[in-house]
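This report concerns only the one structure given below.
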Amino acid sequence: SRSVKLAVIAGDGIGPEVVAEALKVLDAVTAPEPVDFELTHFSLGATRFLETGDVLTDEDLAAISAHDAILLGAVGGVPGDPRLKNANIERGLLLKLRFSLDHYVNLRPSVLFPGVPSPLGAPGEVDFVVVREGTEGPYVGNGGTIRQGTPQEVANEVSVNTAFGVERVVRYAFEAAENRPRKRLTLVHKTNVLVFSGGLWQRIVTEVAAEYPDVTVDYLHVDAATIFLVTNPSRFDVIVTDNLFGDILTDLAAAISGGIGLAASGNINPEGRFPSMFEPVHGSAPDIAGRQLADPTAAILSVALLLNHLGLADASARVSAAVTADIIARSVAAEPRSTGAVGDAIVTRLTDTPA
Ligand code: NAD
Ligand code: IPM
Ligand code: MN
C-alpha cells in the first residue's frame, strides 16, 4: 500500500486540541484505504520558543520538507505576552514555512452548509473559494523604519508583486474557475489607489483571461468586495487576490459562512516540489484554549483538503459528507459539545457509513 509521510505541527493554544480530532478523523477515513500515513510530530510554536528559544531551526525546516504534506493546528501565544516580544512566531514560523515551501496558493473555500446559521440571515447559496497569493505582497518583510521611537519615525512596508508570482497564482485561479460549474472569476484589488501592483494584477488577469474564454471575469475594489460579501455573497465563485487582501477577506468569508470554527485552508505548492500545508484559518485562540471549547471542524475540513490534494478524492468527499451531516445535526441540537465530542461524532458517522 501507498505510504504518505505527514508532518504534524499541533502548535499552541487550541492547536493541539483541534489537531487531535483531525487525526482521529484521518485515521478513521483512511482505515479502509490502501494508504498508510506515517506521522512525525514537530513541537513548534510559542510553547517551544518559551522552552528552548527556537522558532524554526534549519534542521526543523529540512525535516519538515522531507514530508509529503503538513497538517498544522495553530501557532502563536497570547497577544501581548512580553516573553514572546522577540519571538515573532507568525513571521519566523508560519510565514517562513509558507515562503520556504513556496506555498504560492493559499486556498480558502467558503461554503455555507445547509442549516448553518449565518449572521446574514438567509443569504442564499454561499459557495466560493478565495485564491489568496501566499508568497508576495506586503507579507514579504520588505521594509524598515528610521528614527524609531521618535516623533519623526518613518516606517515603510513595501508590497512586492512580481509578474512571475502574480501570473502563477492567477493561472491557478483560472484553472479552478474553469473546473467549477459557474466558471466565474473575480479579481479583488485596489487598482484605483495601488496603481503599480494593481496595474500588474489587472494586466495579468486580462492576458490570462484570453486563454480561458469560458470563464467570466470581473473586478472589484477590495472595499466594495466587503460590501458584496455581506449583501450578496452568492455573486462570488472564485476570488483571486493578493496576500493581505486575501487574509482580511477570508476572515470575513468565514464569519458569513458559519464562523471561524468551520473555515479550512490549504497552503499549496501546486507543482509538488515542496509539501503543501493544511490548516484551519483560525489562530490559537488563547481565550478558550485548554478547555475543550474549540470547534475542531475547521481542522477536520483541512484534512479533507489534504486528502484531496494527495489524490484521495473519495476519502476527502467522505470527510466532507460526515462534516456536513454533523453540522446539520448540531444546528438542531440544544447542547453545545466539547471539542472531543465533535470529533467523535464525525468519526462515528465515517465508520457507520461504508466506504
Ligand atoms: P484567533 O483566530 O485565535 O481567535 C479569534 C476569535 O475566534 C477568538 O475569540 C477565539 O476564541 C475564536 N475562535 C478561533 N478559533 C475557534 C474555534 N476553532 N472554535 C471556536 N472559537 C474559535 O485569532 P487571534 O485571537 O487574533 O489570534 C490568537 C493567536 O493566534 C495570535 O498569536 C495570532 O498571531 C495567532 N494566529 C495564528 C494563526 C495560524 O496559526 N494559522 C492564524 C491566526 C492567528
Ligand atoms: C492567517 C493568519 C496569518 C496570516 C498570520 C498569523 C501570519 O492570520 O493564516 O490567516 O496573516 O496569513
Ligand atoms: Mn488571517
Anyone know which of Ile268, Ile227, Ile327 comes out most mobile in the 10 Å Cα GNM of the chain? Ile227
Multiplying the sequence separation of Lys5 and Arg182 by 0.36 nm and subtracting their Cα-Cα distance, what value in nm do you get? 60.2 nm
Based on the Cβ-Cβ distance from Leu61 to Asn142, what FRET efficiency comes out when R0 is 25 Å, to the nearest 0.05? 0.75
Positive minus negative residues near Val319 (Lys, Arg vs Asp, Glu; Cβ under 15 Å): -4
Computed FRET value (nearest 0.05) for Ala155 with Ile288, which takes r as the C-beta separation and R₀ as 30 Å: 0.35
Exposed loop sites here are trypsin sites (Lys or Arg not before Pro) in DSSP loop states with at most 11 other C-beta atoms within 10 Å. What is the longest stretch of the chain lacking them? 148-272
How long are the semi-axes of the equivalent ellipsoid of the chain, defined as square roots of 5 times the Cα gyration tensor eigenvalues? Whole Å, largest first. 30, 27, 21
Straight-line reach only, C-alpha to C-alpha below 18 angstrom: list the aspartates and glutamates that Lys85 could link to, leaving out same-chain residues fewer than 8 apart. Asp12, Glu51, Asp54
Which lysines have a Cα lying under 27 Å from the Cα of Lys190, excluding residues fewer than 8 positions away in the same chain? Lys96
Pop out the ³J(HN,Hα) list for segment 140-148 in order, Karplus 6.51 cos²θ - 1.76 cosθ + 1.60 with θ = phi - 60°, rounded to Hz; leave Gly and Pro as x. 6, x, 8, x, x, 9, 10, 6, 4
How large is the translational diffusion coefficient of segment 25-125 in µm² per second when you combine the Kirkwood radius over alpha carbon pairs with Stokes-Einstein at 25 °C and 0.890 mPa s? 145 µm²/s
Where GluC sites (Glu not before Pro) in DSSP loops with at most 15 other Cβ within 10 Å are excluded, longest remaining stretch of the chain: 1-124
Over the chain: helical MRE at 222 nm, DSSP H runs n ≥ 4 each giving -39500 (n - 2.57), nearest 500: -12000 deg cm²/dmol
Top of Gly115, Gly266, Gly137 by mean-square fluctuation, Gaussian network on the chain, Cα under 10 Å: Gly115
Taking the Cβ of Phe37 as the centre, find all other residues whose Cβ is under 12 Å away and add up their charges (Lys, Arg: +1; Asp, Glu: -1). -3
Sites Thr216 and Asp352, calculated FRET efficiency, Cβ-Cβ separation with R0 56 Å, nearest 0.05: 0.85
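No lab work stands behind these numbers, since they all come straight from the coordinates. None of these values were measured; they are calculated from a predicted model. Because the Cβ atoms are built from the backbone with ideal geometry, glycine has one as well, and the counts that use them run over all protein chains shown.
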